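Inspection log for the structure reproduced underneath, given as structure tokens.
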Amino acid sequence: MENNEKHFGLRVDARILAKFRYVCGYHGRSANSQLIQLMVQFIAEYEHEHGKIADEDLGKKYDAAKLAQ
């Protein structure tokens with residue numbers, strides 16, 4: 001079975017991270033699982049407004065400048 005998980009490094013102010021972990025704990029989640037939930041929600045909102053992101057577009061960078069032309 002293929003492991004599809006990727007490591008994602010994040011630079012964040014120590015105080016913000018400490019508060020984030022505190023609130024995550026209050027909700028019974030790890031910081032990692034909360035970030036995943038926030039990402040899933042963010043993607044769902046985007047796809048609701050703009051349509052599904054095609055698999056062939058994954059890995060490409062979104063170029064907002066092209067759309068402004």
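Values in this text are rule-based calculations from the coordinates and carry no lab data. Being a predicted model, the structure only gives us computed values, none of them experimental. Using ideal geometry, Cβ is built from the backbone for each residue, glycine included, and neighbour counts are taken over all protein chains shown.
Taking GluC sites (Glu not before Pro) in DSSP loop states with no more than 13 other Cβ atoms inside 10 Å as exposed sites, the chain has its longest site-free stretch at 6-69. Taken over the chain, lysine pairs spaced eight or more positions apart, or on distinct chains, with alpha carbons under 21 Å apart number 5. Across the chain, the longest run free of exposed loop sites, meaning trypsin sites (Lys or Arg not before Pro) lying outside DSSP classes H, G, I, E and B with no more than 11 other Cβ atoms within 10 Å, spans 12-51.
The angle between the Cα long axis of helix 31-50 and the longest principal axis of the Cα atoms of the chain comes to about 30 degrees, rounded to the nearest 10. Annotation note: chymotrypsin sites (Phe, Trp or Tyr not before Pro) in segment 1-34 located in DSSP loop regions with a Cβ neighbour count of at most 13 within 10 Å are F8. The translational diffusion coefficient of the chain, from Stokes-Einstein at 25 °C and 0.890 mPa s with a Kirkwood hydrodynamic radius over alpha carbon pairs, comes to 163 µm²/s.
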